[in-house]
Structures are given as structure tokens and as C-alpha cells.
Amino acid sequence: MEYTHALIIDLVERYEDGETGYRHRRELLDENKWRAMRYGHEASFIRRDRDGEISLAEVVGRECDRLGVSGIGDIFDGESGAEHQRRICNEDGFEALCESLLL
């Protein structure tokens, strides 16, 4: 929530200053979204200018610095959902994993 709030404030301020923003190509957004889902914490994204890639870790670090927030960095540094599920399965077995997934 901290990151979302800071991001909205930043975007409002830019809009009020007359910035038009960056128009992302749909294909680039779709590719980067797929990479995030597929690779999780280890994801790297195609840069906006399409000149190379940037790691998720670098994006998170830059956003924390740019917006003066830490929460998203704390989430990134923590255990991912997939890592959590693998740990439960390895430590407690498949049945425990299934139980943990029940609503």
C-alpha cells in the first residue's frame, strides 16, 4: 500500500507539472508481465528503450530510492509465494501443502 500511495502521488505531481508520460507498447508490457510471472524474483525485463534488460531487483531498488519507500523492497527480500509452497512441501509433505492452499 505504501508503494501504491507513493506511486500515485508521484504520477499526480508529474501530471500537474504537465508531463505527458511514457507510452509503452502493449507487446513490451505483455512480455515483461510474462517474464515476471515465469521467473518471479529472478525476472529481468526488457527496458523501455528496448536497449537491453533490467533485473527485477534493480527495478525494486530504483523505485524504493526514487519514491522514498521501503515496503516493496521488504516484500521483494522476503520469501515468494512459490518459495513458500516449495518449503512447505519439502518440510511437511504434499498433504501439508494441499492443506495450506485450502481456503
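Comparing Ile75, Ile54, Ile88 in a Gaussian network model of the chain (Cα springs below 10 Å), the most mobile by mean-square fluctuation is Ile88. Over all pairs of different C-alpha atoms, region 46-89 has a mean inverse distance whose reciprocal, the Kirkwood radius, equals 12.1 Å.
In a fully extended conformation the segment linking Leu28 and Met1 would gain 7.2 nm over its present Cα-Cα distance, using 0.36 nm per residue. Translational diffusion coefficient of region 24-67 (Stokes-Einstein, Kirkwood radius from Cα pairs, 37 °C, 0.692 mPa s): 304 µm²/s.
Above 18 Å, the calculated P(r) of region 17-103 contains 60 percent of its Cα-Cα pairs. Think of each Lys and Arg Cβ as +1 and each Asp and Glu Cβ as -1; about the Cα centre, that makes the dipole of the chain roughly 540 debye.
Residues of region 2-42 falling in the label zone of Ser55, defined by backbone nitrogen less than 15 Å from a point 7 Å along Cα to beta-carbon, are 39-42.
For the chain, modelled as a GNM whose springs connect Cα atoms under 10 angstrom apart, the maximal fluctuation among Arg35, Arg50, Arg66 occurs at Arg50. Describe numerically, in nm with one decimal, the distance between label points set 7 Å from Cα along Cα→Cβ at Glu13 and at His84. Taking the two extended label points, one gets 3.2 nm. Relative contact order for the chain: what percent, with Cα pairs under 8 Å and sequence separation of 6 or more? With pairs under 8 Å counted, the relative contact order is 21 percent. Summed over the residues of region 1-65 and divided among them, the accessible surface reaches 82 Å² per residue at a probe radius of 1.4 Å.
The values are calculated or read from the model by the stated rules, or taken from the named source; none is laboratory data. Quick caveat: nothing in here was measured; it's all calculated off a predicted structure. Cβ coordinates were reconstructed from backbone atoms using ideal geometry, including for glycine residues, and neighbour counts include every protein chain displayed. Side chains are part of the model used for accessible areas, which takes the heavy atoms of the whole protein and leaves out ligands, DNA and RNA. Shrake-Rupley method; radii C 1.70, N 1.55, O 1.52, S 1.80 Å.
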